[in-house]
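Reviewing the structure listed below.
The values are calculated or read from the model by the stated rules, or taken from the named source; none is laboratory data. Just so it is clear, the structure is predicted and the values come from calculations on it, not from any experiment. Methodologically, a virtual Cβ is constructed for each residue, glycine included, from the backbone with ideal geometry; neighbour enumeration extends over all protein chains shown. Remember, those area values only see protein heavy atoms, side chains included, never the ligands or the DNA or RNA. Shrake-Rupley method; radii C 1.70, N 1.55, O 1.52, S 1.80 Å.
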Amino acid sequence: LDAAPPKHKRFRPEVLKRLQQLESGSSGVVLQAVEQLQAARLRDLEKRTGLSRELLQQSLSELTDSGELCQLAEQWLSSQQQQAWLSQLVERCTDLLTANPLAQGVAKATLKEGLPPSLALRSFDLLLESLLSQNLLRLKNELISPPDWRPKVSSSQEKVLQDITQRYEQQALQVKNLNQVLEDLCLDASEVESLIAYLIGEGDLIRINSE
């Protein structure tokens with residue numbers, strides 16, 4: 001026999017806490033609804049809980065003051081959810097750049113795709129502002145990256161970059177378009193697209209037209 005068998009589920013701390021919240025009245029119901037919706041607007045909570053707007057606002061204010069909820073623009077989410085999403089954004093940004101080492105950063109829209117669509121754009125912007133203010137992420141030229149991020153070029157890519165740069169330096173405005181350069185150097189456009197973006201991002205090339 002097990003001298004210390006696991007307690008029944010209903011006696012676990014997290015279950016007891018949830019029961020206490022539900023017994024506490026409207027605040028418990030509102031907290032549970034916010035956690036289920038992840039990012040909830042007032043009208044969403046009205047439908048989910050059936051509570052009046054006045055009672056909802058009172059409960060949201062109490063839960064926000066206690067630190068159990070946080071408000072992002074017109075949405076509420078649990079403080080735990082907020083911290084989870086903040087960590088997720090940093091991790092996603094790092095993973096995307098690791099997979100694309102030539103990139104200067106990640107577009108906001110691409111970063112937001114990692115979070116549920118229920119999170120409004122303004123709410124996402126506030127999460128991002130929090131990370132930027134803590135220097136956990138950096139915003140430069142509308143692209144987001146870790147503060148110490150630098151694009152990484154392989155030795156084989158370095159040779160191609162030098163060839164492209166030299167061709168533009170030699171011919172300057174005589175170059176009709178990028179396709180001419182690729183043809184002259186026997187390069188495939190799909191293979192050097194990221195390299196061209198890198199050169200533009202570094203300021204080594206300046207785009208003067210769509211070609």
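Pairs exceeding 23 Å between alpha-carbon atoms, taken from K112/K140; K112/K159; K108/K140: K112/K159. The stretch between L42 and S156, if pulled fully straight at 0.36 nm per residue, gains 35.5 nm over its current Cα-Cα span. Taking the charge dipole of segment 51-100 about its Cα centre, with +1 at Lys and Arg Cβ atoms and -1 at Asp and Glu Cβ atoms, the residue from L86, L55, L69 reaching farthest to the positive side is L86. Quantify how much of the Cα-Cα distance distribution of segment 57-142 extends past 14 Å, in percent. Everything past 14 Å amounts to 66 percent. Per residue, the solvent-accessible area of segment 16-144 (1.4 Å probe, heavy atoms of protein chains only, all protein chains present) comes to 54 Å². Kirkwood radius and radius of gyration were both taken over the C-alpha atoms of segment 108-167, and their ratio Rg/Rh is 1.18.
For segment 121-165, carbon and sulfur atoms together expose 51% of the accessible surface, with a 1.4 angstrom probe and every protein chain in place.
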